[in-house]
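Down below is the structure, laid out as structure tokens.
The values are calculated or read from the model by the stated rules, or taken from the named source; none is laboratory data. Note that the structure is predicted; figures quoted are calculated from it, not measured. When we count neighbours, we look across all protein chains shown, and the Cβ atoms used for this are built from the backbone with ideal geometry, even at glycine.
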Amino acid sequence: MSDFSEQLQKYAQLVIQKGCNLKPGQELLLRVSTDCVAFARLLTQAAYDCGARHVTVNFNDEKISRMHYDNCALEVFEKIPEWASLLNNSMAREGAAVLTVDSSDPMAMVGIDPAKPVASTRAAHVACKEFFDAMDLGKIVWCIVGAASPDWAKHVFPQLPIEEATERLWEAIFKTVRLDTEDALAAWDAHRASFVARSTWLNEQRFDQLRYNNSLGTNLTIGLNPGSIWKGGGDVLVDGTPFFPNMPTEEIFTVPDRLRANGVVYSSLPLVHHGSLIDDFRLRFEDGRVVEHQARVGGDVLASIFSVDENAVRLGEVALVPYSSPIRETGILFFSTLYDENASCHLAVGLGFPDCIEGGVCMSDDELLAAGVNKSATHVDFMIGTTDLNITGIKADGSEVPIFINGEWA
Ligand code: ZN
């Protein structure tokens, strides 16, 4: 077996065993692109090696999806086909693990009518309520991993021939999931343990505010909600089954107080938004709102992010990622949130996650807003971590505790 085939097989086994934690007799729903058939076969075999009862493979093709968007009327997307809801809901009822392989071309949907994917997402959430509830309420495992496709790789390595670019992207993906360590399965167990230790510590501290400083000029304080919960790394089903919703994963995150952010923050990595680049930008916050923004590149795209709705100017996420993250160490801009948001400390404007606040999953929209959790139709991550970033936790009594010193956990 070539070195590459061996790595790919190890990757498939890692995803099935640690990401999905697949149990004997369990169903697997695999959602994957026609660009990754070889990897889909390895995942299927790895699932059967773990005793899977049956693997259902739901192939998609991005170029055909694009044809749908270009040719079908908006109303077509307002309803999803009955077979799709039957498939998803019945899989959820069976307790299947849901594995999504993302190999998408970051520019594949540039120029389509944005109302169509919005309508389709909305329709799916209604028709597949059982499926989404099972994932949101911790009843079934879901896992998203990456796979290199030529159409993705050509944007990451535009200077290379397509085949070499794809190979390089695979190598980078392997590194981000620690396949370069001697025992990747053990490395992920240790990774989980370090996340548990750090999020437990953060949750015990009950910080009221975070203060960010670095030499780019970032000087920002962000308020936290009284019941805020830090999460990250692995997740656990209500029955106690551990799994990893994302591979790679390096972030520990929570939802900040939507009304309390003050100061200036500078971006540290470019942001790709709907196929357009935004770079070297700064935002100034006052009482939780972005009141001023400037970008050296893509200022108009940056402005469009804040115009989605009235709460798109407020924060929905703060995430802590050490500068030594293996994703940043690759030195690659992946043009994919799955990777890029694990490269650096980041913030997100827009929607805040209800499960990052005590009792949040049972709250109504109004209750969430009152508890400080932002509500918006958008959620856009942007990277702010640098090698000299300091983050200080400030408690309600004014005492201060260092969280990050020079870009790393204190
Ligand atoms: Zn994040």
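Can you give me the number of residues within the range 223-252 that are more than 19 Å from the chain's Cα centre (by Cα) and within 14 Å of the ligand (Cβ to nearest atom)?
0
Go through the residues of the range 91-105 one by one and say whether even a single one is more than 21 Å from the chain's Cα centre (by Cα) and without any contact (Cβ under 8 Å) to a residue 12 or more places away in the chain.
no
Among (1) in contact with a strand residue (DSSP E or B) (Cβ under 6 Å, 6 or more places away or on another chain); (2) farther than 30 Å from residue 290 by Cα, where does residue 187 come up short?
All conditions are met except number (1).
Hey, does the range 105-118 have a residue that's within 26 Å of residue 336 (Cα to Cα) and either at pLDDT 95 or above or assigned by TED's automatic domain parsing to the domain that holds residue 304 (or both)?
No - not one qualifying residue is present in the range 105-118.
Looking at residue 300 and the list (1) surrounded by fewer than 18 Cβ atoms within 10 Å (Cβ to Cβ); (2) among the acidic types (Asp, Glu); (3) in contact (Cβ under 8 Å) with a residue 60 or more places away in the chain, which single condition is not satisfied?
Condition (3) is where residue 300 drops out.
Would you be able to tell me the number of residues in the range 352-410 that are within 16 Å of the ligand (Cβ to nearest atom) and not hydrophobic (A, V, I, L, M, F, W, C)?
9
Check 263, 227, 223 and return the single one that is outside the structural domain of residue 142 (by TED's automatic domain parsing), surrounded by fewer than 23 Cβ atoms within 10 Å (Cβ to Cβ) and touching a Pro at 6+ places or on another chain (Cβ under 9 Å). Quick ask: steps written out before the conclusion?
Values: 263 fails: touching a Pro at 6+ places or on another chain (Cβ under 9 Å); 227 fails: touching a Pro at 6+ places or on another chain (Cβ under 9 Å).
After ruling out the rest, the residue left standing is 223.
Name the one entry in 185, 169, 179 that is at pLDDT 95 or above and part of a loop (DSSP other than H, G, I, E, B). I'd like the intermediate steps shown before the answer.
On the way: 185 fails: part of a loop (DSSP other than H, G, I, E, B); 169 fails: part of a loop (DSSP other than H, G, I, E, B).
Selected residue: 179, the only one of 185, 169, 179 that is at pLDDT 95 or above and part of a loop (DSSP other than H, G, I, E, B).
So, in the range 324-346, exactly how many residues are closer than 16 Å to residue 409 by Cα, assigned to a loop (DSSP other than H, G, I, E, B) and within 16 Å of the ligand (Cβ to nearest atom)?
The qualifying residues number 5.
Could you tell me which numbered condition residue 319 fails, if it satisfies all but one of (1) away from the ligand (no atom under 16 Å from the Cβ); (2) within 21 Å of the chain's Cα centre (by Cα); (3) assigned to a strand (DSSP E or B)?
Exception for residue 319: condition (1).
State all residues of the range 355-375 that are surrounded by fewer than 20 Cβ atoms within 10 Å (Cβ to Cβ) and touching a residue at least 40 places away in the same chain (Cβ under 8 Å); if no residue qualifies, say none.
Within the range 355-375, 355, 358, 359, 361, 369, 375 meet the criteria.
Out of 257, 280, 309, report the one residue that is surrounded by 21 or more Cβ atoms within 10 Å (Cβ to Cβ) and away from the ligand (no atom under 16 Å from the Cβ).
One residue alone meets the criteria, 257.
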